[in-house]
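Inspection log for the structure reproduced underneath, given as structure tokens.
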Amino acid sequence: MKNTLLALSSVALLALASCSSKSTPTPVTTDAEGTVITEFVNVVANPDYAAINDNAVKLQAAVTLLISTPNAANLLAAQNAWKATREPWESCEGFLFGPVEDNDYDPTMDSWPLNKTDVDARLASSDVFTTSYIDGLDGTAKGFHGIEYIIFGEGGAKKATDVTAREKLYLAASTTSLVATTQALRDSWDASKGNYSATVTTAGKGSAVYKTRKDVFKAMVGAMSDICGEVGTSKMEDPYAARDSTLDESSFSHNSTVDFTNNIKGILNVYTCTYGGKTGSASLSTLVAAKNASLDAKIKTQYNAVLASFATITHTFEKAIYDQRAQVKATQDAIATLQSTLDVDLNAFVEANIKD
């Protein structure tokens, strides 16, 4: 994909802004804005989507081996591959805009909670489990959680020898379907294919979706806020309020708290333009720090407070909603505080400072 290069003068200004002890703010330049957008596309969005697909392919290979040779080691390998695929998927929910939403890739792969009754009925039927059959199901009967149910089982107690012949067929078709969806998502941004990357990087310069660069920044901030809301007031609140662990997002694998944490980590990935150990040359954080260092520090402090709060939930989320309710509530409160700062302060910053 095309890369918009930051003028050397802008690089110098940003570097001075981050290193100088003086309080005089560095102006946000148009070149810097364009670089932030392009770096987000190149450093965060495309690598994250590629990682989801790469890991889904590895998951499929692990599932194939489990089906052919069902033993404890292969079951564990499939379970670990499932968790490895969840990590980049959950972090990408920090920028849930574009094809992932427009083309329903999200509900196709990750509707929750699983409709266990529906899945059990299908497993008990004589239906033929082809990939097209799985593709035609509601999202609550396939995707990540359909696979999770079969390889982890209720309470996470599945044994390799427990996987039935019907479950193997369902599992094989489900992983093939998941791989296809992750590939479609990856390709939707790929410069040589769907090239949504260009739709983003040409914001304000002919993009059919983003008439101004501000539109992109608003989408980024909106997505960061939205995932706070989804985690705090839906993913965590629904099972917490009902005291019902079957409403947890990843209840079979006991991976829910890890999922939530990776959702929040996705926010920092977007804000600081960091992913997979790489950091972009400019980020939304760079722009904020140059004009309002206290806001930049506030966002990062509140983000760290959320992660620290998650660390106090030492039981699985399925247990924590019963016996660590104070810790769950405190974490929800920390997320709400971060969301408010994103909604109010960061949005106000974008409105005031991103002019084109």
remark   = Restricted to the stretch 166-206 and to residues being without any contact (Cβ under 8 Å) to a residue 24 or more places away in the chain and of a type in the set (Ser, Thr, Tyr), the residue surrounded by the fewest Cβ atoms within 10 Å (Cβ to Cβ) is 192
query = Among the residues of the stretch 234-246, is any within 18 Å of the chain's Cα centre (by Cα) and touching a residue at least 24 places away in the same chain (Cβ under 8 Å)?
reply = yes
request  = Would you point out which residue out of 286, 341, 337 is polar (S, T, N, Q), part of a helix (DSSP H, G or I) and more than 28 Å from residue 35 (Cβ to Cβ)?
outcome  = 337
message = Filter the stretch 134-165 down to the residues that are small (Gly, Ala, Ser), in contact (Cβ under 8 Å) with a residue 12 or more places away in the chain and either in contact with a strand residue (DSSP E or B) (Cβ under 9 Å, 6 or more places away or on another chain) or surrounded by fewer than 20 Cβ atoms within 10 Å (Cβ to Cβ) (or both) and list them by number.
response = 139, 153, 155, 156, 160
request  = Take the stretch 35-47 and flag every residue that is crowded, with 24+ Cβ neighbours inside 10 Å and touching a strand residue (DSSP E or B) at 6+ places or on another chain (Cβ under 7 Å).
outcome  = 44
inquiry  = Quick check on my filter: what residues within the stretch 64-93 are acidic (Asp, Glu) and closer than 18 Å to residue 253 by Cα?
reply    = 87, 90
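Every residue, every condition in (1) buried (at least 19 other Cβ atoms within 10 Å of the Cβ); (2) among the aliphatic types (A, V, I, L, M); (3) closer than 22 Å to residue 247 by Cβ; (4) over 13 Å from the mean Cα position of the chain (by Cα), yes or no:
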residue: 71; (1), (2), (3), (4): no, no, no, yes
residue: 81; (1), (2), (3), (4): yes, yes, no, yes
residue: 92; (1), (2), (3), (4): yes, no, no, no
residue: 98; (1), (2), (3), (4): yes, no, no, yes
residue: 101; (1), (2), (3), (4): no, no, no, no
message = Of the conditions (1) within 29 Å of residue 116 (Cα to Cα); (2) in a helix (DSSP H, G or I); (3) in contact (Cβ under 8 Å) with a residue 40 or more places away in the chain, residue 252 satisfies every one except a single condition; which number is it?
response = (2)
inquiry  = Among the residues in the stretch 262-274, are any buried (at least 21 other Cβ atoms within 10 Å of the Cβ), small (Gly, Ala, Ser) and closer than 20 Å to residue 36 by Cα?
reply    = yes
inquiry  = Tell me whether the stretch 316-328 contains one or more residues that are crowded, with 20+ Cβ neighbours inside 10 Å, closer than 26 Å to residue 43 by Cβ and either out of contact with any His (no Cβ under 8 Å at 6 or more places or on another chain) or not hydrophobic (A, V, I, L, M, F, W, C) (or both).
reply    = no
message = Among the numbered criteria (1) touching a residue at least 60 places away in the same chain (Cβ under 8 Å); (2) surrounded by 20 or more Cβ atoms within 10 Å (Cβ to Cβ); (3) closer than 22 Å to residue 38 by Cβ, which one does residue 296 miss?
response = (1)
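Any read-out appearing in this document is the output of simple, stated calculations on the displayed coordinates, not a laboratory observation. Please read these numbers as outputs of a predicted model, since none were measured by experiment. Counting neighbours? That spans all protein chains shown, and the Cβs are built from the backbone with ideal geometry, glycine included.
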